[in-house]
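What follows is one structure encoded as structure tokens, with my remarks underneath.
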Amino acid sequence: MAWTNNVLRVNLTEGSMSNEPLNMDWARQYLGQRGLATKYLVEEIDPSCDALGADNKMIMTTGPLTGTMAATAGRYSVVTKSPLTGAVACSNSGGFIGAELKSAGYDMVIFEGKSPTPVYLYIENDKAELVPADEIWGKSVWAADEWLHKKYQDPLLRIAAVGRSAEKGCLYASIVNDLHRAAGRSGVGTVMASKNLKAVAVRGTKGVGNIKDPAAFMQAVNAGKKVLAEDAVTGEGLPTYGTNVLMNVINEVGAMPTHNMRDVQFEGAGKISGEAMHEPRASDGKPNLTTNAACFGCTIACGRISTIDRGHFSIENKPQYWGASGGLEYEAAWALGSDTGIDDLDTLTYVNFLCNEDGIDPISFGSTVAAAMELYDMGVITKEHTGGVELTFGSSEALSWATEATCKGEGFGLELGLGSKRLCEKYGHPELSMTVKGQEFPAYDPRAIQGMGLTYATSNRGACHLRSYTVSSEVMGSPVKTDPLVTEGKAELVKSLQDANAIVDSTGLCVFTTFAWTLEDIAPQVAAACEGEWTPESMLEAGERIWNLEREFNLAAGLTAADDTLPPRLLKEAAKTGPAKGMVNNLHEMLPEYYEIRGWDEQGIPTTDTRQRLGLA
Amino acid sequence: MKLTLKLYAGLTDYLPPEAEDNELVVEISADNTANEVIDRYKVPRKMAYLVLLNGVYIRPEDRNRAVFNDGDTLAIWPPVAGGCAGDRRQTGVAISPDP
């Protein structure tokens, strides 16, 4: 089975809880985690509801392999309607709480309604209770984590919480678990805070059983671990350099979003790269990188644990940041760094610590600050708005100030908490928002990597690279090298990657495994653990079903084909340097073909044939 | 003519001491190939996975051709920065090294 067949439903309005069996008919169609929780969401809420209202629901969900001995099987997701985009949100995180929740005996927890007062959910195996959170409301994630650990005197208690930013309505607040892992994107933390739910604390000691064929599962798992260990990326590259090894690669190909995407290359990229994190600092002779780290059951260990020079201006009088904590991943490094024009590694690390401490998405935040910096550069935002701070590109002091204000939800930080789209609209320049469906871009300029333009435009949760990472093919040559500057073949590439990612996100495994694994490696693990016939082909079909289900949610929420687009800057302003110099993204050449391949009509609506083929009709 | 050679990740060790920030300006002739530059610095060819000339990928079959102009940049990464496992990847499963 692999599933626990147990769902915890928490009615926050009434303060009540109940257990119910997992809908196994749906599990056979949507597997778990992203797919299955989306099915629950679609069935249970009106997609047009207010994302921050009591009618929205928030589902904390594991996958069938979460908590098992499979490599990287520690993932969980938060599925809800996003306040940032108005679209479906599915935000995936590692760490340890996902496996702990499974080990406590739950496939998912469905939060509904809104608590009249702040509460947290405490789970200890079969015991689940809502507890007043008055003493941690108004505190950061890290403070709440410390308080809960002290209260329960249990170092193995796993905690996911929201920070002050979420409480103050920052629209891209994340849910941080295990101090520095996060369900980071789309404002899922904002939804959690809107329900007056401060934290979820879990202790599970049951273990994860119910494996359909334990011997076959062990064999498939061991084979998979061998593949990960022998692969250059998962066996050596990611543990050594982390994701930030991409900084120099992407800068070299001229796809580095810089200065709110006015530029495509950043002069200071080398100073904030994965390689630079290994180099001894001139100031204290120590490297930024302290060690790598792994989530539950992970044999890759890509995580970065970093330490800031104690003499650095950002922390010299703040000993609480002198220790080692979660360091820069590539996405944080570019959004906080190249997009704001800042090449100081310790500044970015400090700001990244703050993003973890109070739970904000560094991608959306960095991109929003970059937009604000451009508006400041134009004289639209002034010192009157910032309280005297010069919000200039390249200013470490300005970025640090902006982060502190946003994390605490104070002053101009409240405006930054609106996100790039609403901020730029407020100041009369919506064209300067580098977003799709209201969500800020990740680290790849689609003028230089054409397929990523289609990826962003069609992503069901707004601009996102994790929905179809064409960079692998267009830049790294995997599975086959394609030309990043042409649009031919990209529609098919994007569609296949979207479907595959949707099902990988539904297993409980980390998508990073797919640097080495194909569905040929994953399907035997799922098939040995779960009832049903799980083959690479059936998994791809389930992925396509999930993708279309998410699309239908968005259409019902009011989104249309007009939302499948890119900001005018990327469609009209040519790249100034690099291989794509003189080019824009040619989305119009890819989108119609994509709709056709998807089996959607010209308005981007799944046809009756497509819906029937996928069992959605 | 001059070529800026950049070696990244584990390949940095192959740069001579005078290199700064992962790069070195080297003198080459117009008929030099990418593989000849790779060999000159004793970078094992199997470690030269991602080879970019002015940011544009040079396919393995083109690395024995003269492709350089004065002032070009040749940047090279080992397989750890995105290397392909070969035929295992042909089913086209989604890949992302970046959260």
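Rule-based calculations on the coordinates, nothing more; no lab input. Every value quoted in this text rests on a predicted model; they were computed, and no experiment measured them. Reconstructed Cβ throughout: ideal geometry from the backbone, glycine too, with neighbour counts over all protein chains shown.
For this structure, a couple of remarks:
- Directionally averaged shadow of the range A:7-203, computed from the convex hull of its alpha-carbon atoms, nm²: 9.7 nm²
- Estimated 222 nm signal from helices in chain A, with DSSP H stretches of n ≥ 4 weighted -39500 (n - 2.57), rounded to 500: -10000 deg cm²/dmol
- Karplus-derived HN-Hα couplings along the range A:579-592 (A = 6.51, B = -1.76, C = 1.60, θ = phi - 60°), whole Hz, x at Gly and Pro: x, 8, 3, x, 9, 10, 7, 9, 4, 4, 7, 9, 5, x
- Spread over its residues, the convex hull of the C-alpha atoms of the protein assembly as shown is 139 Å³ per residue.
- Debye log10 I(q)/I(0) at q = 0.18, 0.26 Å⁻¹ for the range B:2-89, Cα point scatterers: -0.73, -1.52
- Dividing the mean sequence gap of close Cα pairs (under 8 Å, 6+ apart) by how many residues chain A holds gives a relative contact order of 16 percent.
- Contour excess over end-to-end distance, with Cα ends at A:T608 and A:H149 and 0.36 nm allotted per residue: 160.0 nm
- Peptide-level mean, for A:482-491, of C-beta atoms on other protein chains within 10 Å: 1
- Extent of the range A:233-433 along its three principal axes (Cα atoms, max minus min coordinate, largest first): 48, 40, 34 Å.
- Between A:D213 and A:M378, the modelled labels are 6.1 nm apart [label points 7 Å from Cα along Cα→Cβ].
- Distance in nm between pseudo-label sites at A:T535 and B:R59 (7 Å out along the Cβ direction from Cα): 3.3 nm
- You can think of it this way: the chain between A:E44 and A:I305 has 90.0 nm of extra reach, that is 0.36 nm per residue less the Cα-Cα gap.
- Per-residue Karplus couplings for the range A:163-179, computed as 6.51 cos²θ - 1.76 cosθ + 1.60 with θ equal to phi - 60°, are listed in order as x, 5, 4, 5, 4, 8, x, 3, 7, 10, 6, 10, 9, 9, 10, 6, 6 Hz, Gly and Pro entered as x.
- In this Cβ point-charge picture (+1 for Lys and Arg, -1 for Asp and Glu), the protein assembly as shown has a dipole of about 1040 debye about its Cα centre.
- Reachable aspartates and glutamates from A:K572, criterion Cα separation under 15 angstrom, eight or more residues apart if same chain: A:D263, A:E431, A:D445, A:E589
- Extension reserve of the A:E279-A:L616 stretch, reckoned as 0.36 nm per residue once the Cα distance is removed: 116.0 nm
- Cα-only Debye scattering, the range A:1-47: base-10 log of I(q)/I(0) at q = 0.28 Å⁻¹: -1.11
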